[in-house]
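Below you'll find the structure, written out as structure tokens, and then a few comments.
The values are calculated or read from the model by the stated rules, or taken from the named source; none is laboratory data. It should be emphasised that the depicted structure is a prediction, and the values quoted were computed from it without experimental measurement. With ideal geometry, Cβ positions are generated from the backbone for all residues, glycine too; neighbour counts draw on all protein chains shown. Please note that ligands, DNA and RNA were not included when accessible areas were found on the heavy atoms of the full protein model with its side chains. Shrake-Rupley method; radii C 1.70, N 1.55, O 1.52, S 1.80 Å.
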Amino acid sequence: MSSIPILEARQAQIHQKGTQPFEMDCGKHSLAGSVSQRACVFCGSRVVLYPIADALHLIHGPIGCAAYTWDIRGALSSGPELHRMSFSTDLREKDVIFGGEKKLAAALGELIDQYRPKAAFVYATCIVGIIGDDVAAVCRKVEQEKGIPVLPVHSEGFKGTKKDGYKAACDALFKLVGTGSTADIAPVSINILGEFNIGGEAWIIKKYYEQMGVQVVSIMTGDGRVDQVARSHGAALNVVQCSGALTFLAEMMKAKYGTPYMRVSYFGIDDMAKALYDVAEHFNAAPEVMARTRAIVRREVETIMPELNRIKCDLYGKRAAIYVGGAFKAFSLIKALRYLGMTVVLVGSQTGNESDYATLQDMCDDGTVILDDANPLELSKYIIEKKADLFIGGVKERPIAFKMGIGFCDHNHERKIPLAGFEGMLHFAREVHNSVTSPVWQFAPARAAVLESKKEVAR
Amino acid sequence: MLLRHTSTEIKERSALTVNPAKTCQPIGAMYAALGVHGCLPHSHGSQGCYAYHRSALTRHFKEPVVAATSAFTEGASVFGGQANLVQAIDNIFSVYNPDVIAVHTTCLSETIGDDVPQIFAKAMADGKVPDGKFLFHANTPSYVGSHVTGFASTTKAMVDYFAESNGRKAKTINLIPGYVEPSDMAEIRRIAESMGIATIMFPDTSKVLNGPLTGKYKMFPEGGVTIDELKKSGSSTGTIALGRIASMPAARALDAKCKVPCEILGLPIGLHGTDAFVDTLRRMAGVSVPDGLNLERGQLVDSISDWHQYLYGKRVAIVGDPDQVLALTRFLVSLDMRPVHIVTGSPAGKKYIKSLQAAVAEVPEAVNIKVPGDMYLFHQWIKNDPVDLIIGNTYAKYIAKDEDIPLVRHGFPIYDRLGHSYFSTMGYRGGLRLMEKLLDAILDCKDRDADDITMELVM
Ligand code: SF4
Ligand code: SF4
């Protein structure tokens, strides 16, 4: 275990701060034969659009692509639940040979008649790209017949990475933007972009902004509604959450409607406060907004502080490893973990780009391992070497952490509790604390020794 | 209500699967391949599919699941995936060093028509396969069959690639357990071994996907059938294949290739199912049934008689994989329960439907059977004609909640409960466990609904 061979071609995607000059060879397609933790274009589109609860989401392809994305993210809706159903054209052999356009048209017609959704998204999967179905043409035809927007999402999996899926989703959203009425939109108004309401996070964020006196025109796409998206061009500002998933849309809206945008993160006290202050600053023509913002931040921070401080005492000096999808999330996590007194010993992302890694390099301490598109062997090697106490990752990383007997916090779609916002920070701290300090790790053979030795040192 | 979008009006749907009760072939292939010792499953396609398959298996087993991918790009999708697969094989052996790579195709590589054996030949000719290392493959396009087909084909591929007859017959009996849990595989083997029979079981995912916490991450856990055992399977006395849909192709292939006679049985669920298995083992190996096993049988019979009063006449809806559904149906009918709505997600053929019809012939009311169907139809049936109990995978919990009907989780996937990996539902003991689950569900519901006057202490 101590030494694993690392693919030569991977050397340039692993870096230890302070050892050599830094240049991350990222943004590459995964190597053939790698056990990458990455996903596909379709996955990117699906996670972005899925929370729009009053739209029909039809997956045009063989059954698997649909089955695996059936309600696996806890994107909450306060109303309709149509998004939690799984609709698939379930392509069979004869469709692959003769084409699936007829089947698609029939399925769409049937579903729209039955559910009367506000819009329909049609996701093209790999195979549709290969057999050459003209999804856009079918969508146009059904749109005319049924009188609702029917939007093709060009998400063929092989056409890039998850990021390209975000882009495809943004293209589809952009067709809806501008089709609704902008009546009753105040000058002090925003769209919340890139917030998917996992565990109800969008509601928390929305509440803050509304308390500031800022009108939230739409959330894209958490607890999303077609009508909100359609009128979102009426908002004065786009506030784009870190993941970058919706940055493409913000760019397009800026070009077409002149809507300015800013990037924020809702994770961690500093970033959360900044996300509110930046918006207040933007609307400085209305100074009462800033005044309210200060009050909100004060109130919220005061509420969580006492417990946070208690938690910090226990976590001081513990070591964390981070492996997440987008690098921007990693930035926030590093800050939040530091705030809790923890040291980050490993940080990696599936989709970071050059400037992301440069930022990471700046943020990290010497000796921190920085990884792009890592595999489980690499992750486990460095986690052991660096004696991490906590691993933050997604579904595939969880059992790896547990096998090694260290704590885990899901910062991906399987989290059940909101981690965004001020109260989210408290939830995060509690979860980290509960997992890291759990007595169950004394049962893990190798860890028992490590824990013991740490106790010795502490004494 | 989560599934409020389910209507009671049942319409014939030709172009559409809603809320599938099946998923795609490669995940079955991946699961089967994990039952070979030191095997790295490899998904020949783009990287999204395999990310989903790994995540789904991880959610079900709560274990790390590794596999590699050819990581198709647009180029590969146009020009074929030969270069990717050859490079992948090279990379995998030099970095992860498995004993064997099990390649399965995806919809994508099937549609572009990659010829895997020919690519293997090229990889060998290029010296990419080190001595003592192996490759095998199965074709698993998801527009044919389902995850069960992928499992069956991969199991058969183990025979096609490795089984050989050395001209002499060994005393071993081959066991092909079917698409069942690791715990079931262990139980099936335990029963045979308790009769003093030497077995070769393939695939065998016990100790692979229900392994212990060791404090280390092991890419290739302890369990799994070895290539050596697979070779020897060609010289066994006979083969018992459990589950016609998942296990027959491999058993037949072994018979044709190495003249190992086979018996195809249903899964050993319940008294009759297990009797048939034990009896076949006894005859094939020429042994007698040990007292210990007779005791287990007696205890099951005893419990059935002790508790049957709470089971008889209970109406049940079952959804799941064909082999499981058939065996469960037979068990329920033998308990005088009434399976009235039966759906398999996977296609299984006319002969299968006949067996299912025969199994419910004694049920004194009309029985709905749909092979293949989906969970939407299943729910519609339940809405129109409610039942006392539902048996199905985790997705059935939405139906159970909406209709307020108790649920026994069985099948794949189970994302939300512990147990399936460790406690078998096969054999006599498994029968007891299954009864316990049925009774718990029914009696908990009875207690919950009882008013103060009729609440009973003793049952
Ligand atoms: S393309 Fe085929 S193999 Fe891949 S996830 Fe979809 S159904 Fe499964
Ligand atoms: S077929 Fe393509 S779209 Fe579907 S899961 Fe696989 S990579 Fe993604």
**Request:** Determine how many Å³ per residue the convex hull of the Cα atoms of the stretch B:25-157 encloses.
**Result:** 96 Å³
**Request:** Kindly express, to the nearest 10 degrees and within the range 0 to 90, the angle between helix A:269-282's C-alpha long axis and the longest C-alpha principal axis of chain A.
**Result:** 40 degrees
**Asked** Which percent of the accessible area of the protein assembly as shown is formed by carbon and sulfur heavy atoms (probe 1.4 angstrom)?
**Response** 52 percent
**Prompt:** How do B:Glu74, A:Glu423 stack up against each other in accessible area, from largest to smallest, with a 1.4 angstrom probe?
**Reply:** B:Glu74, A:Glu423
**Request:** Considering the options B:Met195, B:Leu230, B:Leu209, tell which one lies farthest towards the positive end of the dipole of the stretch B:173-290, charges being +1 on Lys and Arg and -1 on Asp and Glu at the Cβ, about the Cα centre.
**Result:** B:Leu230
**Request:** Would you rank A:Glu281, B:Glu365, B:Glu63 by solvent-accessible area, highest first, keeping every protein chain in place and using a 1.4 Å probe?
**Result:** A:Glu281, B:Glu365, B:Glu63
**Request:** Count the lysine pairs in the stretch A:41-174 whose Cα atoms sit under 13 Å apart, keeping only pairs 8 or more residues apart in sequence or on different chains.
**Result:** 5
**Asked** Between the stretch A:219-242 and the stretch B:260-335, what's the alpha-carbon centroid distance in Å?
**Response** 57 Å
**Message:** Counting only helical runs of four or more DSSP H residues, what would the 222 nm mean residue ellipticity of chain A come to if each run contributes -39,500 (n - 2.57) and the total is spread over all its residues?
**Reply:** -14000 deg cm²/dmol
**Prompt:** What quantity of accessible surface, computed with a 1.4 Å probe and excluding non-protein components, is buried in total between chains A and B, in Å² to the nearest 100?
**Reply:** 6400 Å²
**Prompt:** How much accessible area does B:Lys62 have with a 1.4 Å probe, in Å² rounded to the nearest 10?
**Reply:** 110 Å²
**Message:** Projecting each Cα onto the charge dipole of chain A (Lys/Arg +1, Asp/Glu -1 at the beta carbon, about the Cα centre), which of A:Ile63, A:Gly200, A:Ser349 comes out farthest on the positive side?
**Reply:** A:Gly200
**Prompt:** How big is D, in µm² s⁻¹, for the stretch B:293-449 by Stokes-Einstein at 10 °C and 1.306 mPa s if Rh is the Kirkwood radius over C-alpha pairs?
**Reply:** 101 µm²/s
**Request:** Find which of A:Gln241, A:Asn284, A:Phe267 sits farthest along the positive direction of the dipole of the stretch A:189-299, computed with +1 on the beta-carbon of Lys and Arg, -1 on that of Asp and Glu, about the Cα centre.
**Result:** A:Asn284
**Asked** Hey, got the dipole for the stretch A:319-387? About the Cα centre, +1 on K and R Cβ, -1 on D and E Cβ, debye to the nearest 20?
**Response** 400 debye
**Request:** With a 1.4 Å probe and every protein chain left in place, work out the accessible area per residue of the protein assembly as shown in Å², rounded to a whole number.
**Result:** 36 Å²
**Prompt:** To the nearest 10 square angstrom, what accessible area does A:Phe391 show with a 1.4 Å probe?
**Reply:** 0 Å²
**Asked** What is the set of long-range amide H partners of A:Phe391 at a cut-off below 5 Å, with H atoms built 1.01 Å from backbone N?
**Response** A:Ala321, A:Gly407, A:Phe408, A:Cys409
**Request:** Would you be so kind as to list the residues of the stretch A:95-110 that have their accessible area lowered by at least 40 Å² in the full protein complex compared with their chain by itself (1.4 Å probe)?
**Result:** A:Glu110
**Net charge over other residues, Cβ less than 11 angstrom from the Cβ of B:Ala366 (K, R count +1; D, E count -1)** = -1
**Shielding score for B:363-376, defined as the mean number of other chain Cβ atoms within 10 Å** = 1
**Message:** Give the separation of the Cα centroids, the stretch B:379-439 to the stretch B:1-43, in Å.
**Reply:** 17 Å
**Asked** Tell me, what is the 1.4 Å probe accessible area of A:Cys65, in Å² to the nearest 10?
**Response** 30 Å²
**Request:** Treat every Asp and Glu Cβ in chain A as -1 and every Lys and Arg Cβ as +1, leave all other atoms uncharged, and give the resulting dipole magnitude about the Cα centre to the nearest 20 debye.
**Result:** 600 debye
**Asked** What net charge is computed for the residues neighbouring A:Val226, neighbours being all others with C-beta under 13 Å from the C-beta of A:Val226, Lys and Arg scored +1, Asp and Glu -1?
**Response** +2
**Prompt:** Placing +1 at every Lys and Arg Cβ and -1 at every Asp and Glu Cβ, with all other atoms neutral, what dipole size does the protein assembly as shown have around its Cα centre, in debye to the nearest 20?
**Reply:** 760 debye
**Request:** Compute the accessible area of each residue in the stretch A:390-434 twice, once for its chain alone and once with every protein chain present, using a 1.4 Å probe on heavy atoms, and list those whose area falls by at least 10 Å².
**Result:** A:Val395, A:Lys396, A:Pro399, A:Ile400, A:Phe402, A:Lys403, A:Met404, A:Glu414
